[in-house]
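Written out below as structure tokens is the structure these notes cover.
The values are calculated or read from the model by the stated rules, or taken from the named source; none is laboratory data. Owing to the predicted nature of the structure, the values given are computational and were not obtained by experimental measurement. Cβ sites come from the backbone with ideal geometry, for glycine too, and all protein chains shown count toward neighbours.
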Ligand SMILES: Cc1ncc(COP(=O)(O)O)c(C=O)c1O
């Protein structure tokens with residue numbers, strides 16, 4: 001009788017079998033390799049096409065000269081600057097290798113195989129992935145008729161096993177926005193011992209917000225996450241943070257790697273906080289471009305809904321086909337198949353030149369269907 005030799009997947013911890021790697025937007029290099037084109041435009045990862053402020057680049061270049069040293073493991077200078085920026089104590093801040101890591105640290109710290117994490121079915125997919133990775137049970141709540149978070153249904157889904165509730169505001173990929181007053185009413189109705197992540201990766205693009213969520217929202221388990229990847233233009237550096245109750249943050253900090261935020265990212269983020277005017281000027285440009293893109297999609301009968309992020313949503317029954325044909329034109333977009341929206345493509349807002357090139361390529365592709 002032949003002996004069964006277990007595969008590595010069988011040897012891996014049980015949740016590995018249900019874990020699928022996050023599929024990022026295709027890189028420019030990959031598309032150029034695949035198509036043989038000499039140039040391409042990436043509108044697939046909601047990056048900031050204008051880049052970081054010049055003073056931020058200079059600060060990072062200077063930090064490179066000390067890159068033979070480990071970074072400050074506590075990111076003291078940055079934490080203090082963020083504390084001042086948000087008017088909170090530094091011990092309420094958790095820094096991560098992207099806000100993605102902050103989400104993962106919180107989920108690993110509070111959820112396990114006996115517990116549940118509640119999120120909206122079409123919310124940022126990392127909540128589901130991090131939940132599976134932690135061996136916990138994800139409860140994906142159906143979104144409302146407008147693809148937004150259905151807070152009443154999410155509240156109804158909370159049980160004695162729920163440890164974490166995740167909300168993305170604005171949400172990626174649906175671009176929906178919740179009012180802070182509605183979030184606060186939801187927080188008031190939630191049990192006090194649940195961790196609530198309010199993920200505000202696109203916060204800076206929301207000009208409708210009347211109150212700053214950090215000052216306005218309250219719940220003992222609330223952690224608001226923000227990132228330097230989007231409006232601050234530091235996606236490649238990987239740096240983000242969460243603000244929550246100091247004791248809760250101290251628990252999550254135990255899961256942090258010793259030097260999880262590199263020194264170049266710390267220097268860049270610190271300098272970026274001083275470049276508010278630059279950041280806001282470029283956010284205004286991006287919003288102008290976003291609204292133009294939405295108008296253009298609307299005129300073509302392709303706009304799914306208004307987005308509150310730095311991306312727009314294109315709906316067409318042949319979206320998957322359009323995605324492939326656009327790649328042949330050197331345009332990298334993001335299909336929303338993993339979110340069960342096979343007829344939708346997410347298009348990040350680029351520079352005006354990139355957006356014009358996108359519309360030209362789109363018109364060409366549509367004419368060939
Ligand atoms: C809603 C949302 N949250 C968090 C993230 C993670 O961003 P980062 O890890 O770059 O801070 C993203 C990235 O696209 C996002 O869309």
message: Report every pair of residues separated by at least 6 positions or lying on different chains whose Cβ atoms are under 6 Å apart, first residue within region 231-253 and assigned to a loop (DSSP other than H, G, I, E, B), second near the ligand (Cβ under 9 Å from one of its atoms).
response: 234/228; 238/97; 238/98; 239/228
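Taking residue 140 as the residue in question, decide whether it is within 16 Å of the ligand (Cβ to nearest atom), free of Cβ contacts under 8 Å to residues at least 24 places away in the same chain and under 21 Å from the mean Cα position of the chain (by Cα). Show your work before the answer.
Working: within 16 Å of the ligand (Cβ to nearest atom): yes; free of Cβ contacts under 8 Å to residues at least 24 places away in the same chain: yes; under 21 Å from the mean Cα position of the chain (by Cα): yes.
The answer is yes for residue 140.
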statement: Listed by first then second residue, the pairs whose first member lies in region 93-108 and is on the phi > 0 side of the Ramachandran plot and at pLDDT 95 or above, whose partner is part of a strand (DSSP E or B) and within 8 Å of the ligand (Cβ to nearest atom), with beta carbons under 8 Å and at least 6 positions apart or on separate chains, are 98/227; 98/240
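Filtering region 155-166 down to residues that are away from the ligand (no atom under 16 Å from the Cβ) and either part of a helix (DSSP H, G or I) or touching a residue at least 40 places away in the same chain (Cβ under 8 Å) (or both), which residue is nearest to residue 222 (Cα to Cα)? Before you say what the answer is, go through the steps one by one.
Going through region 155-166, the residues away from the ligand (no atom under 16 Å from the Cβ) turn out to be 155-163.
Going one step further and asking which of them are either part of a helix (DSSP H, G or I) or touching a residue at least 40 places away in the same chain (Cβ under 8 Å) (or both), we end up with 155-159, 161-163.
Working: 155: 15, 156: 19, 157: 18, 158: 15, 159: 18, 161: 18, 162: 14, 163: 12 Å.
So, considering only residues that are away from the ligand (no atom under 16 Å from the Cβ) and either part of a helix (DSSP H, G or I) or touching a residue at least 40 places away in the same chain (Cβ under 8 Å) (or both), the one nearest to residue 222 (Cα to Cα) is 163.
Within 21 Å of residue 172 (Cα to Cα), crowded, with 21+ Cβ neighbours inside 10 Å and within 15 Å of the ligand (Cβ to nearest atom): which single residue out of 107, 93, 125 fits that description? Full working, then the answer.
Working: 93 fails: within 21 Å of residue 172 (Cα to Cα); 125 fails: crowded, with 21+ Cβ neighbours inside 10 Å.
Testing whether each residue is within 21 Å of residue 172 (Cα to Cα), crowded, with 21+ Cβ neighbours inside 10 Å and within 15 Å of the ligand (Cβ to nearest atom) leaves just 107.
If a residue has to be assigned to a helix (DSSP H, G or I), within 16 Å of the ligand (Cβ to nearest atom) and under 16 Å from residue 146 (Cα atoms) to count, how many in region 167-202 make the cut? Write out each step before concluding.
Here is the first cut: in region 167-202, the residues assigned to a helix (DSSP H, G or I) are 180-189.
Applying the additional criterion that residues be within 16 Å of the ligand (Cβ to nearest atom) yields 183.
In the following step, the residues that additionally are under 16 Å from residue 146 (Cα atoms) were identified as none.
Selection size over region 167-202: 0.
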task: Please state which of the following conditions residue 74 fails to meet, knowing it meets all the rest: (1) within 16 Å of the ligand (Cβ to nearest atom); (2) farther than 30 Å from residue 161 by Cα.
output: (1)
message: Being at pLDDT 95 or above, buried (at least 18 other Cβ atoms within 10 Å of the Cβ) and either within 16 Å of residue 243 (Cβ to Cβ) or touching a helix residue (DSSP H, G or I) at 6+ places or on another chain (Cβ under 6 Å) (or both) narrows it down to one residue among 88, 165, 132; which is it?
response: 132
- prompt: Which of the residues that make up region 128-149 are in a loop (DSSP other than H, G, I, E, B) and either touching a strand residue (DSSP E or B) at 6+ places or on another chain (Cβ under 6 Å) or over 17 Å from residue 171 (Cα atoms) (or both)?
  reply: 134, 135, 136, 143, 149
query: So which pairs qualify, if the first residue must be in region 327-354 and more than 29 Å from residue 120 (Cα to Cα), the second must be surrounded by 23 or more Cβ atoms within 10 Å (Cβ to Cβ), the Cβ gap must be under 7 Å, and the two must be at least 6 apart or on different chains?
result: 330/41; 331/41; 331/43; 331/358; 354/41; 354/43
task: Please specify each residue of region 1-20 satisfying the condition of being outside any helix (DSSP H, G or I), closer than 30 Å to residue 45 by Cβ and without any contact (Cβ under 8 Å) to a residue 60 or more places away in the chain.
output: 12
query: Would you call residue 322 touching a residue at least 12 places away in the same chain (Cβ under 8 Å), crowded, with 20+ Cβ neighbours inside 10 Å and away from the ligand (no atom under 15 Å from the Cβ)?
result: yes
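Say we look at region 53-68 and pick out the residues that are assigned to a loop (DSSP other than H, G, I, E, B) and touching a helix residue (DSSP H, G or I) at 6+ places or on another chain (Cβ under 7 Å); which of these is farthest from the ligand (Cβ to nearest atom)? Break it down stepwise before answering.
To start, the set of residues in region 53-68 that are assigned to a loop (DSSP other than H, G, I, E, B) comprises 53, 65-68.
Going one step further and asking which of them are touching a helix residue (DSSP H, G or I) at 6+ places or on another chain (Cβ under 7 Å), we end up with 53, 66-67.
Numbers: 53: 18, 66: 24, 67: 21 Å.
Among those residues, the one meeting the criterion is 66.
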task: Output the number of the condition that residue 181 fails; it satisfies all remaining conditions of (1) farther than 22 Å from residue 95 by Cβ; (2) surrounded by fewer than 17 Cβ atoms within 10 Å (Cβ to Cβ); (3) touching a residue at least 24 places away in the same chain (Cβ under 8 Å).
output: (3)
- request: State whether the residues of region 264-286 include one that is closer than 22 Å to residue 86 by Cα, within 16 Å of the ligand (Cβ to nearest atom) and touching a strand residue (DSSP E or B) at 6+ places or on another chain (Cβ under 6 Å).
  value: no
